[in-house]
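Before any comments, here is the structure.
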Amino acid sequence: MRSQITRAAVSVPANIAEGWTREGMREKAQFLAIAQGSLAETETLLTLCEDIGWFPRPETARLRWIQGSRGVPPLRSTIEHQAQAYAIAQVVPEHLAEVRGGKLDLIAKTEAAVKDRLTKEITYWDHRAEELKLQESAAKPNARLNSGEARKRADLLQGRLQKRLEDLRLEAQLSPLPPVVLGGLLVVPMGLIRAMTLNKPDDFILAIVEFLDDDRHRVHYLRRPFQREPDFGVTSVNYGFGELLARAQAPG
C-alpha cells in the first residue's frame with residue numbers, strides 16, 4: 001500500500017510538469033487529466049488506510065490540509081470537472097477557430113503590406129548602390145553617399161524584412177490555454193417558475209446547514225422563516241443568522 005500511494009502521489013507533479021511542456025491543448029489536457037486521476041487515487045488510498053486503521057486520522061487530515069493549502073481543488077467537484085471537460089471538447093476549439101480565422105486574415109494582410117513596402121525600399125537601395133558603384137568606377141563619386149552606404153541600407157532593410165516575417169509567423173501559431181472555471185450559473189426556465197406556487201409559506205421550509213469543526217455539520221429546519229413580504233423594489237433582505245437558528249428546529 002505504501003509503494004502504491006507513493007507511485008500515485010509522485011505521478012501528480014510529474015504529469016503536471018510534463019503536460020505544461022507540451023504545445024498542443026489536447027496533450028496538455030491529457031497529462032492534466034492523468035494527474036487529476038492520480039490525485040484522486042492518492043486520496044482514495046488514504047481513505048482506505050483510515051478505514052482499515054493503518055493510518056491515524058489526524059495524520060491523513062494533515063495531508064488533506066496540505067493539499068487544500070496548496071490550492072488543489074476538491075477532487076469530487078463533479079460539476080466543475082464536467083464544465084472543464086465540456087470547455088476542452090467544445091468551447092475551446094470553437095473559440096480558437098473563431099479567433100484564428102480573424103487573426104490569420106489580419107496577419108496575412110500585414111505580411112503582404114510589409115513585403116510590398118520593404119521590398120520596394122530594398123529594390124531602390126540595391127539599384128542606388130549599383131548606380132553609385134558605376135559612378136565611382138568612372139571617377140565620379142557622390143560626395144554625400146557612396147555605394148557601400150547604399151548597400152548597407154539595403155542589407156539592413158533585408159534583415160528587417162526577415163525579422164518581421166519571422167515575428168508574423170510566430171504570431172500565427174495560436175494555441176489555447178487550459179480553461180479555468182471562475183463561477184457557476186443556475187438557469188431556471190421561466191415556464192418552471194410560472195408553474196411553481198410561491199405564495200404558500202406553509203409549503204416551504206428553510207434549511208440551514210451549520211458547518212462545525214472536524215468536517216462536521218448540523219442541519220436546522222425553519223418553518224415560515226419570513227415574517228413579512230419585502231417591499232416593492234427591494235433587491236436584497238438581510239436576516240440575523242443567530243435569530244434564525246433560535247427559531248429553527250432539528251430534523252425529524
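The values are calculated or read from the model by the stated rules, or taken from the named source; none is laboratory data. Here the structure is a predicted model, which is why all the values come from computation and not from measurement. Please note: Cβ atoms are built from the backbone with ideal geometry, for glycine as well, and neighbour counts cover all protein chains shown.
In table form, for the structure just shown:
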item: Subset of the stretch 151-169 (residues that are more than 12 Å from residue 115 (Cα to Cα) and touching a residue at least 24 places away in the same chain (Cβ under 8 Å)); result: 151, 153, 154
item: Exclusive hit being surrounded by 13 or more Cβ atoms within 10 Å (Cβ to Cβ) and part of a helix (DSSP H, G or I), set 121, 98; result: 121
item: Residue 181, sole failed condition from (1) under 36 Å from the mean Cα position of the chain (by Cα); (2) modelled with pLDDT of 75 or more; (3) surrounded by 12 or more Cβ atoms within 10 Å (Cβ to Cβ); result: (2)
item: Some residue of the stretch 14-26 being at pLDDT 80 or above and of a type in the set (Phe, Trp, Tyr); result: no
item: Pairs where the first residue, in the stretch 36-49, is β-branched (Val, Ile, Thr) and the second is assigned to a helix (DSSP H, G or I), C-beta under 6 Å, 6+ apart; result: 42/8; 42/9
item: Meets criteria (within 30 Å of residue 26 (Cα to Cα), touching a residue at least 60 places away in the same chain (Cβ under 8 Å) and assigned to a helix (DSSP H, G or I)) for residue 90; result: no
item: Filtered residue count, the stretch 128-163, keeping only those that are modelled with pLDDT under 90, loosely packed, with under 13 Cβ neighbours inside 10 Å and of a type in the set (S, T, N, Q); result: 1
item: Long-range neighbours under 6 Å by Cβ, at least six apart or interchain, first residue under 12 Å from residue 88 (Cα atoms) within the stretch 12-31, second at pLDDT 75 or above and part of a helix (DSSP H, G or I); result: 28/19; 29/88
